4 protein chains.
Amino acid sequence: MSGIFGINIKMSIFGESHGASIGLVIDGLPPGLALDTELIAREMARRAPGKNNLSTPRKEADNFQIQSGFFNGYTTGTPLCAIIANSDQHSKDYSILKDKMRPGHADYAGYVHYQGYNDYRGGGHFSGRLTAPLVFMGAVAKQALAQQGITVGAHILQIADIKEEHFNPMGIDDIILTKLSEKTFCVLDDAAGEKMQQRILAAKAELNSVGGVVEAIVQHLPAGIGAPYFDSLESRLSHALFSVPAVKGVEFGDGFALAELTGAEANDQLHYAEGRVTACSNHNGGITGGISNGMPVIFRTAIKPTPSIARKQQTISLLQQCDTELEITGRHDPCIVQRAVPVIEAVTAWTVWDLLLEAKKWER
Amino acid sequence: MSGIFGINIKMSIFGESHGASIGLVIDGLPPGLALDTELIAREMARRAPGKNNLSTPRKEADNFQIQSGFFNGYTTGTPLCAIIANSDQHSKDYSILKDKMRPGHADYAGYVHYQGYNDYRGGGHFSGRLTAPLVFMGAVAKQALAQQGITVGAHILQIADIKEEHFNPMGIDDIILTKLSEKTFCVLDDAAGEKMQQRILAAKAELNSVGGVVEAIVQHLPAGIGAPYFDSLESRLSHALFSVPAVKGVEFGDGFALAELTGAEANDQLHYAEGRVTACSNHNGGITGGISNGMPVIFRTAIKPTPSIARKQQTISLLQQCDTELEITGRHDPCIVQRAVPVIEAVTAWTVWDLLLEAKKWER
Amino acid sequence: MSGIFGINIKMSIFGESHGASIGLVIDGLPPGLALDTELIAREMARRAPGKNNLSTPRKEADNFQIQSGFFNGYTTGTPLCAIIANSDQHSKDYSILKDKMRPGHADYAGYVHYQGYNDYRGGGHFSGRLTAPLVFMGAVAKQALAQQGITVGAHILQIADIKEEHFNPMGIDDIILTKLSEKTFCVLDDAAGEKMQQRILAAKAELNSVGGVVEAIVQHLPAGIGAPYFDSLESRLSHALFSVPAVKGVEFGDGFALAELTGAEANDQLHYAEGRVTACSNHNGGITGGISNGMPVIFRTAIKPTPSIARKQQTISLLQQCDTELEITGRHDPCIVQRAVPVIEAVTAWTVWDLLLEAKKWER
Amino acid sequence: MSGIFGINIKMSIFGESHGASIGLVIDGLPPGLALDTELIAREMARRAPGKNNLSTPRKEADNFQIQSGFFNGYTTGTPLCAIIANSDQHSKDYSILKDKMRPGHADYAGYVHYQGYNDYRGGGHFSGRLTAPLVFMGAVAKQALAQQGITVGAHILQIADIKEEHFNPMGIDDIILTKLSEKTFCVLDDAAGEKMQQRILAAKAELNSVGGVVEAIVQHLPAGIGAPYFDSLESRLSHALFSVPAVKGVEFGDGFALAELTGAEANDQLHYAEGRVTACSNHNGGITGGISNGMPVIFRTAIKPTPSIARKQQTISLLQQCDTELEITGRHDPCIVQRAVPVIEAVTAWTVWDLLLEAKKWER
């Protein structure tokens, strides 16, 4: 029941959407890492809502305040705590959330888990707002990875039934990743992106919501990172990815499509290219035996449609112990896929950095 | 780089396919659990090869010897070590594995990770044989779960392009699960199973291999198990599942198909049934907010085609540092999906038990 | 290099004495624990300096602000973060601490460990102020233990060469423990306490400092808590106790004096008293085989004299890379033993609670 | 309730004295460490009983068999399991141990902890025999430390009331440590050692036992190893040391004697010696702020007298639920201090190596 994860870079997250603040403590940060707080703020802004009509109009400034572990522009090596004050709270009556369990939400499972003591206002600890600390963590990790030439990027592969092209599994130009990260709606093909956005707005108009798929890539990761079994790159990445609310599927390389390939098709044959061992294809998504093999690490993450919809839904009343109906009012995201992109990049960067530090132990 | 996993029930696995033995240590086992070693042997036999022409003809008896932690038919509460001696070793020359990296295998990634010191014979620590300890662990966990009325089962949903029907997400008769577990080829529909087996034999005849999808279910798990974020049921299950060699995708509930549903379709509405909170559908696979919600937990796991194929493949020679070709000789599985079924059940049972113990801490 | 500890109740501490705040995140707190924040404040006040001329005149209000995990008077079961703002900071020049390493302090070891990046102002992360979060944790744990009838107390056994009587190892009246905790200077015998205080003031007058020994007791802890080997009650208590700055020795029961006893003297013989298994003596301090045996848990902790003294001392200049002299100015404690008492109680209460939760997993 | 410890080098121990075998799994071992199994056997022999009349005449060959993780003379980087078969078992009736709880032993505490299911034969999991795996681990760690020039040694400082001189806290000749380790009775001064041995034999003649103190030293450990708070060198060493059965006290540097020193006396002043920062004294035992400061790490460990004595003792009968008397028959150690020396060295070497690997993560 832990809000702590990581082997070498441990993150402890805390907070409820209507408490004093949300935040994180990062433990194990190497000293002497120059942190650009502007870059962190930019990553946080990518996740923040209220930018356009695709997401909730809630304004969450997501201004963070570093409390510790950062001195004169560098990490100190001691735990870094950052808090994000909760400011844009409507002082409305949330007691309905205590009674009527929202379908598709954590409400009922959380009620049982926390024995009825959890802060139900605005989803409390389950609020999507808790992904802000994840993005903070990722922004730190990206800066550490950048020093080693490793890049992390992601795009919206699919919204509802509208898809765009996949990343080239053999790798793509890092400039494309940079450009992607600067877009409000992260797609390679803006025409496809336009259709996706129309699909989101159509769902919104129908008091409905849509889901999608995010594809991510890690480039220039050296071979040898990860481990067989419980610290496999896939195990640790999926662990972190499924920690992101609304994620319901993760696949590496060709993933579920591998079930339909033969060994002759799926095996990535090897050759030397410029003196370096390279694969001729990348069906395995850069990971074999749980360990990076020098090819780009590629995976896709399925995001379910936002469960908060304004339509009337059937549910139960805990107080009355009877069936009832519910109409969720308030400000909601008709789709969270576009806001999930920086979160997925973040947990990816964090996990990869964590495993790179693991490999340092064995350096000679 | 850890061969240890688990919060309360920690497993430490060890061994190489051509060392003295492989095995495991289970740490945290409650005392007084009556263990039926016959049941353990039966589960181990489900995974063992050599039963028919669908898998490698290697005979691996997988006879285990409990070293500790078990006394007078009960667990003692101290660490339980079991070892499985390696007996059916061909004293053949394995030095080719040191030189020519098998495509699709861990060979190259492992070579880099272990800096060339790993035991390459028969795949060494990466050998599929290491899943035997996982099955042992699972057989213990299943007995603990059975005392609480919780059942775990799985079937082969797909081999190559041949599929059978899904589990009913609202739950199935436990007797069906028992019958499934007694089959050599675990399918609900034996006619479909027959086609799948033909597909495997066809691949074998072509010196090729095929992959597939395994669907698993956990029934009668109470609501409230798991946690948001890093100890989510999905995070911990996926972590364990991706530790199983050849797993490349995991999806819960409708998984990737959720990307194409709207919120109105995907939300599992709630009602009271016989005084119990129940969902009207189960698109979320029994998990919301990372926590079990009382519905069956359902997920699918993609298994890639066995990388060991007898066809000539392009690869590299580490010794010569040049491109070369490789024909893998020896005894191989044209498909490992059918043998992966008990392994997937095993890591599932283990993880679920581990999280049930977590919930005990908060019992009043 | 972790600021996180605990099996079930994990604490993550953070902060530097001159950063924005110091604080902690408690992870794994059971939901529904009624927390009396007044009691927490009272414990914090016990540790706070500035109460009399025995300690530094610095005023540290140690006002904590709970950020999360606490709702309507109860713990929610989600991570509880509390921060303590740093207010009484003198804007003086701390650059000398960057250059001249204070003898007996962490300065030089910390400089090497953090590669020169640590916040040196006021000792930074090494500041005794970081024990405030430990006391907060302990105040929460004491409230949980109180519900189970378990009490934790401590007294100053020794200051320099002045000692008072030991706790009766067979147990003492809980009212005595309560009274002890209400004293500013926690001794059983106030006359002895008066002499100890004179000794401290004498050291202060001589620009010197003194150390001492704290003896702690845990009463009404049931038998069976702890484990052999790595989770022994002694291992976990000592781990936590040596985390408290200035602690240099820990001994359980008769401790080092056991080296001079024979087995016949040291063995605590057993008998039934009122139907309960009881020992006739308590040389083992309530712990045998790493596990509580139902007798009071007793141990002593050696605290070294405060290294900050105003006398001229020989040291090195890192900047000049030469030998030099140092006179530490500012406000310092001539003795920290009296302020260490609530800290030792705190880590004890935390550890005992953590292991009690561990035992819950095995409850039937 | 874990038999697993370590951050980077994790050890999982298992076994009961009358089960099939005892052993360990070492997880996280770097690949490519050349292991001299002769050296391991020599360390194991130092701990083994039956060498003379000072310890139990039981012959325990302690022959280990490495199962995994070791190939062609080098560690592979995969988990290393070693087992030690239990051979010299008397097939005698152990049922008295199930009934009459031996004073000073773990019997009663273990009975409660394991709910009566533990293997009581010969002490089961609590048997001192379980220290053999610790010595194996230490023998591996010592070989890794030797590559970095770090040495670990220990001597018997005290048996009952007979003491010899302390290690020079400023460091001693490594040759002296080597010679010490080759002695059957590890003392600096053989005349004092002779008196100690006479004291042990006198206790034996009286059907009694004696305890003592072991002093250990780690030399050439670089400054910067360890951390403040929960991974302090003192926390981690004491955690490991108190895992060794019979240890009841641990003190670093001057330890409890620091309570009687003033700050002016206890502070280790600094100067440059041959261009290196060095302390002028070593009252802090080489550790300040939880971190090594470049001076030798010195500490003492109190060992209680063996609780197994042949004299009649008062105890309880669990079966009859009444008071009774007990005479422990069989072969016992009148003193275990001399056998504890290699065990203390072992857990020290392991812990120091573990923290050295921790420091590697931050290397530039």
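For the reader, a short list of remarks on this structure follows.
- One residue stands out among those in the stretch B:217-231 that are more than 9 Å from chain A (Cβ to nearest Cβ) and in a loop (DSSP other than H, G, I, E, B): the one that is surrounded by the most Cβ atoms within 10 Å (Cβ to Cβ), which is B:Leu221.
- Number of positions in the stretch A:303-352 that are outside any helix (DSSP H, G or I) and either facing chain B (nearest Cβ under 8 Å) or surrounded by fewer than 24 Cβ atoms within 10 Å (Cβ to Cβ) (or both): 31
- Residue match in the stretch C:197-216 (condition: under 30 Å from D:Gly6 (Cβ atoms) and in a loop (DSSP other than H, G, I, E, B)): no
- Residue list for the stretch D:287-302, restricted to those being at the interface with chain C (Cβ under 7 Å from one of its Cβ atoms) and assigned to a loop (DSSP other than H, G, I, E, B): D:Gly289, D:Asn293
- Selection count where residues are free of Cβ contacts under 8 Å to residues at least 24 places away in the same chain, at the interface with chain D (Cβ under 7 Å from one of its Cβ atoms) and part of a helix (DSSP H, G or I), scope the stretch C:232-267: 7
- Flag if C:Gly124 is within 9 Å of another protein chain (Cβ to nearest Cβ), out of contact with any helix residue (DSSP H, G or I) (no Cβ under 7 Å at 6 or more places or on another chain) and not polar (S, T, N, Q): yes
- The lone exception for C:Ala139 - which of (1) open to solvent by less than 10 Å² (accessible area, probe 1.4 Å); (2) within 12 Å of chain D (Cβ to nearest Cβ); (3) within 19 Å of C:Glu345 (Cα to Cα) it fails: (2)
- Candidates B:Glu251, B:Glu194, filtered to the one that is of a type in the set (Asp, Glu), open to solvent by 10 Å² or more (accessible area, probe 1.4 Å) and out of contact with any strand residue (DSSP E or B) (no Cβ under 9 Å at 6 or more places or on another chain): B:Glu194
- Residue in the stretch A:120-130 that is aromatic (Phe, Trp, Tyr) and buried (at least 21 other Cβ atoms within 10 Å of the Cβ) present: yes
- Residue check, C:Gly110 at pLDDT 95 or above and open to solvent by 10 Å² or more (accessible area, probe 1.4 Å): no
- Count of residues meeting criterion [more than 19 Å from the chain's Cα centre (by Cα) and within 18 Å of C:Gly249 (Cα to Cα)] in the stretch D:215-231: 6
- Residue list for the stretch B:163-179, filter: of a type in the set (Lys, Arg) and touching a Gly at 6+ places or on another chain (Cβ under 7 Å): none
- Residues of the stretch C:203-214 satisfying the condition of being facing chain D (nearest Cβ under 7 Å) and either modelled with pLDDT under 95 or within 21 Å of the chain's Cα centre (by Cα) (or both): C:Ser209, C:Val210, C:Gly211, C:Gly212, C:Val213
- Selection from the stretch A:142-165 of residues that are part of a loop (DSSP other than H, G, I, E, B) and surrounded by 14 or more Cβ atoms within 10 Å (Cβ to Cβ): A:Ile150, A:Ala160, A:Glu164
- When each of A:Ile22, A:Ile9, A:Ile40 is tested for being of a type outside the set (S, T, N, Q), in contact with a strand residue (DSSP E or B) (Cβ under 6 Å, 6 or more places away or on another chain) and at pLDDT 95 or above, the lone residue that passes is A:Ile22.
- With respect to being among the hydroxyl-bearing types (Ser, Thr, Tyr) and either more than 8 Å from every other protein chain (Cβ to nearest Cβ) or buried (at least 24 other Cβ atoms within 10 Å of the Cβ) (or both), D:Tyr272 falls outside the description.
- One residue stands out among those in the stretch D:91-107 that are more than 9 Å from chain C (Cβ to nearest Cβ) and assigned to a helix (DSSP H, G or I): the one that is surrounded by the most Cβ atoms within 10 Å (Cβ to Cβ), which is D:Leu97.
- Residue selected from the stretch C:120-166 under the condition charged (D, E, K, R) and farther than 18 Å from C:Ala48 by Cα, by the criterion modelled with the lowest pLDDT: C:Arg121
- Remark: C:Gly23 falls outside the filter, which requires a residue to be in contact with a Leu (Cβ under 7 Å, 6 or more places away or on another chain) and touching a residue at least 40 places away in the same chain (Cβ under 8 Å).
The values are calculated or read from the model by the stated rules, or taken from the named source; none is laboratory data. This one's a predicted model, so the numbers in the text were calculated from it and none came from an experiment. All Cβ positions, even for glycine, are placed from backbone atoms using ideal geometry, and neighbour counts span all protein chains on display. We work out accessible area using only protein heavy atoms, side chains counted, and drop any ligands, DNA or RNA first. Shrake-Rupley method; radii C 1.70, N 1.55, O 1.52, S 1.80 Å.
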